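Each value in this text was obtained by applying a stated rule to the coordinates, not by laboratory testing. Owing to the predicted nature of the structure, the values given are computational and were not obtained by experimental measurement. Quick reminder, even Gly has a Cβ in these numbers, built from the backbone with ideal geometry, and neighbours come from all protein chains shown.
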Amino acid sequence: MKKTPNLHFDSPFKEDVYKGLSAFPKYLLSKYIYDEKGDKLFQQIMEMPEYYLTNCELGILQTHTAAISDSFNAEAGFDLIELGAGDGKKTKIILKYLSDKNYDFNYLPVDISQSVLVELEASLKKELPKVKVQPQQGTYFKTLEKLSDYNRRKKVILFLGSNIGNLLHEKAIDFLRNIREAMNPEDMLFMGFDQKKHPQKILDAYNDPAGITEAFNKNLLVRINRELDADFDPDQFLHWETYDPESGTAKSFLVSKKPQKVFIKGLDLKVSFKAWESIHTEISQKYDDSVVKWLADEAGLEVETSFKDNENCYKNYIFRK
Ligand code: AVJ
């Protein structure tokens with residue numbers, strides 16, 4: 001193994017890019033796709049006909065609005081905390097129901113991006129003026145920690161969009177354990193998990209002919225060029241998607257079309273690519289009931305119920321401590 005030089009980085013982005021592109025095989029972390037441009041590309045992905053996840057989950061929330069909301073079982077009043085709220089399109093279905101029924105609750109969207117929260121609050125003020133919104137800018141766990149003291153009200157935590165799918169199982173368990181830590185015995189966790197299905201349908205969702213998913217992945221290179229003064233030529237890489245039906249893992253790569261060298265001035269790093277060498281950029285894990293139950297067991301959580309669409313495309317689970 002090569003010795004890692006004892007370097008000091010002034011940002012996690014720099015350190016992670018350095019590590020990922022010095023490693024073998026090379027990788028970059030998918031969380032860095034989401035700068036302003038990456039957020040826009042993901043919005044476009046959610047509009048694509050091939051990206052079934054959004055509509056499946058929307059359908060589940062529409063079909064089971066009452067059953068889901070009533071299962072929150074919160075006559076006494078509660079805090080609805082959403083991790084990674086985005087534009088709130090899906091959550092608004094639940095918010096409307098709770099608001100129409102005059103449930104006593106606060107909606108606390110948590111996001112790292114202040115501008116996302118400002119927009120969400122403004123749109124809620126217009127569309128659902130009765131809903132009490134308390135935006136929480138920050139990371140998920142810092143915020144959950146802050147909200148986990150015992151004298152607060154019951155918490156219902158939402159984590160939609162199968163966002164957990166970006167984590168390897170081990171990391172997903174850590175994530176669930178952290179949420180569990182923040183939960184009191186009466187609290188609930190409501191989460192979306194994309195399900196195993198026909199491999200072609202999964203591949204198509206991550207391999208659109210218009211090239212939006214390609215641009216989304218290549219945004220990593222564009223961002224490194226801009227923020228770290230590098231000279232990646234995104235056209236010299238192709239986007240490649242795989243799906244392993246055994247593990248349920250969809251995996252994205254950028255593959256170098258030729259031997260090439262890239263210089264990242266901000267890291268003083270020269271990166272060499274052989275022809276057809278890969279950079280792994282993202283995983284999007286697919287699940288079934290037994291895997292979800294195993295993850296929950298490992299994290300000390302219990303599956304209470306689940307809600308699905310007719311085609312078993314996608315499922316939302318309620319967990320308790
Ligand atoms: C936002 C992580 C749920 O993995 O399905 C969409 C991101 N990547 N198309 C996913 C994504 C490529 C998405 N998540």
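Below are the figures for this structure:
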| quantity | calculated |
| --- | --- |
| Length released on extending from ASN184 to MET46, taking residue separation times 0.36 nm less the Cα-Cα span | 46.3 nm |
| Around VAL262: net Lys/Arg minus Asp/Glu count, Cβ-Cβ under 9 Å | 0 |
| Residues whose placed amide H lies under 5 Å from that of THR305, excluding near-sequence neighbours | ILE318 |
| Built amide H within the under 5 Å cut-off of VAL133, gap 5+ | TYR107 |
| Efficiency of FRET from Cβ geometry, LYS146 and GLU75, R₀ 25 Å, rounded to 0.05 | 0.45 |
| Length-normalised contact order for the chain - Cα pairs under 8 Å, 6+ apart - percent | 21 |
| Stretch gain in nm, segment VAL118-ASP174, where the contour uses 0.36 nm per residue and the Cα spacing is subtracted | 17.2 nm |
| Pairs from LYS132/LYS171; LYS154/LYS315; LYS89/LYS251; LYS92/LYS308; LYS197/LYS315 whose Cα-Cα separation, in the structure shown, is over 22 Å | LYS132/LYS171; LYS154/LYS315; LYS89/LYS251 |
| Amide proton proximity set for PHE237, modelled H, under 5 Å, gap of 5+ | LYS257 |
| Loop sites in the range 100-149: trypsin sites (Lys or Arg not before Pro), DSSP, at most 12 other Cβ within 10 Å | LYS101, LYS130 |
| Virtual spin-label span in nm between GLU298 and ASN102, 7 Å along Cα→Cβ | 4.7 |
| Residue-averaged [θ]222 nm for the chain, counting only DSSP H segments that reach four residues, each worth -39500 (n - 2.57) | -11500 deg cm²/dmol |
| Full-extension gain in nm, LYS265 to ILE212, via 0.36 nm per residue minus C-alpha separation | 16.3 nm |
| Folded to 0 to 90 degrees: helix 91-100 orientation relative to the chain principal axis, Cα | 10 |
| Degrees separating the helix 114-127 axis from the principal Cα axis of the chain, which is the longest one | 40 |
| Estimated vicinal HN-Hα couplings, Hz - the range 230-246 in sequence order (Karplus 6.51, -1.76, 1.60; Gly, Pro = x) | 10, 10, 4, 9, x, 5, 8, 10, 10, 8, 10, 10, 10, 9, 9, x, 6 |
| The range 194-249: GluC sites (Glu not before Pro) in DSSP coil with no more than 15 other Cβ atoms inside 10 Å | GLU246 |
| Using alpha-carbon coordinates, inclination of helix 12-22 to the longest axis of the chain, degrees | 50 |
| C-alpha center-to-center spacing [the range 256-281, the range 13-83] in angstrom | 29 |
